[in-house]
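Read the structure below first, then the notes.
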Amino acid sequence: MATTKKRKVADSKVDKNKVYSLKEAATLVKEVNTTKFDASVDIHVRLGVDPKKADQAIRGSVTLPHGTGKTKRVLVLCTPDKEADATKAGADHVGLDEFIQKIEAGWTDIDVIIATPSVMPKIGKLGKILGPRNLMPNPKTGTVTNDVAAAVNEVKGGKITFKVDKAGIIHASIGRVSFDVQKIQENSTELINAIIKLKPSTAKGTYLKGVSMASTMSPGITVDTKNFLN
């Protein structure tokens, strides 16, 4: 695939051999954006864990102080007595059986699924569809709860969930290139501090192995991990 002129210019601004401070990376990620839309700013965190071990399969959630800049589409799967609470809190879709059928038929046009504990046995069969898309409700990320209104409010207010992939990397969107440098910095710090707090006692060696920042279609910028270890 041919590299566009804009991408070549962007690539030339990022020194592949340099480790940038968080402030430098947040400034640079805005400069090298080549898209005409308000691109997502993503953080990629490489961890010294073995995701195959249950206690090292890091997953969690964090509320970003400045949100993600994207309105999350939320589906609440619950019993009829909880539907009004979910709707009032701003859920985009609320129900149960009809949405289970839609998901089985291939519908996944949502960003977050929240479920009450009582309906989880019904949702279990959707694991093959929802699991790979990181949409499966989970008590660890606060998406299995009886307080559906609070959960919807948190998601709409900037709460994100994350989990380590098979390669030991966590990928998360922490904002938009339209955000100012300070907001990108503060959201990044909040996410990585949350990941550091989840360090398993069984993980040996360096836990925070590498951090990079990139916007959609832009080159990755290596961030100095010392920013987060003080």
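How big is the dipole moment of segment 74-157 about its Cα centre under a simple scheme where the beta carbon of each Lys and Arg is +1, that of each Asp and Glu is -1, and everything else is neutral? Debye, nearest 20, please. Numbers along the way, then the final one.
Numbers: 9 positive and 11 negative charges, 65 e Å.
My answer is approximately 320 debye.
How much length is gained on full extension from residue 120 to residue 181, taking 0.36 nm per residue of separation minus their Cα-Cα distance?
17.9 nm
Of the beta bridges DSSP finds with both residues in the chain, what % are antiparallel, to the nearest 5?
That works out to approximately 70 percent antiparallel.
Take the alpha carbon atoms of segment 1-125, find their radius of gyration, then divide it by 2.2 N^0.38 Å using N residues; give the quotient.
Compared with the compact-globule rule of thumb, segment 1-125 sits at 1.50.
Please report the net charge: other residues with Cβ closer than 9 Å to the Cβ of residue 161, K and R +1, D and E -1.
Local net charge: +4.
Compute the orientation-averaged projected area for the chain from the convex hull of its Cα atoms and round it to one decimal in nm². Write out the running numbers ahead of the final one.
Values: hull surface 56.6 nm².
With the hull built on Cα positions only, its mean projection is 14.2 nm².
On a 0 to 90° scale, report how tilted helix 22-31 is relative to the longest principal axis of the chain, with both axes built from alpha carbons and the result rounded to the nearest 10.
90 degrees
Using the per-residue mean of other Cβ atoms lying within 10 Å as a proxy for protection, in what order, highest first, do the peptides 215-221, 173-179, 198-204 fall?
Details: 215-221: 19.9, 173-179: 22.0, 198-204: 13.1.
Going from most to least packed, we get 173-179, 215-221, 198-204.
Rg and Dmax of segment 132-227 over Cα atoms: what are they, in angstrom?
Rg, Dmax (Cα atoms, Å): 15.0, 42.
Which residue, chosen from 223, 119, 157, occupies the Cα position most advanced towards the positive end of the dipole of the chain, where the dipole is computed from +1 (Lys, Arg) and -1 (Asp, Glu) charges on Cβ about the Cα centre?
Value: 223.
Mind listing the long-range amide H neighbours of residue 218? Cut-off is under 5 Å, sequence gap 5 or more, other chains count too, H placed in the peptide plane at 1.01 Å from N.
Amide H neighbours of residue 218: none.
How much net charge surrounds residue 110 when only other residues with a Cβ under 12 Å from its Cβ are counted (Lys, Arg +1; Asp, Glu -1)?
+1
Give me P(r) over segment 81-127, computed from all C-alpha to C-alpha distances, binned every 10 Å, as integer percentages.
22, 61, 17
Quick one: divide the alpha-carbon radius of gyration of segment 74-157 by 2.2 N^0.38 Å and tell me what you get.
Scaled against compact globular proteins, the figure is 0.96.
None of the figures in this text is laboratory data; all of them are computed from the coordinates on show. Model, not experiment: these values are computed from the prediction. Cβ coordinates were reconstructed from backbone atoms using ideal geometry, including for glycine residues, and neighbour counts include every protein chain displayed.
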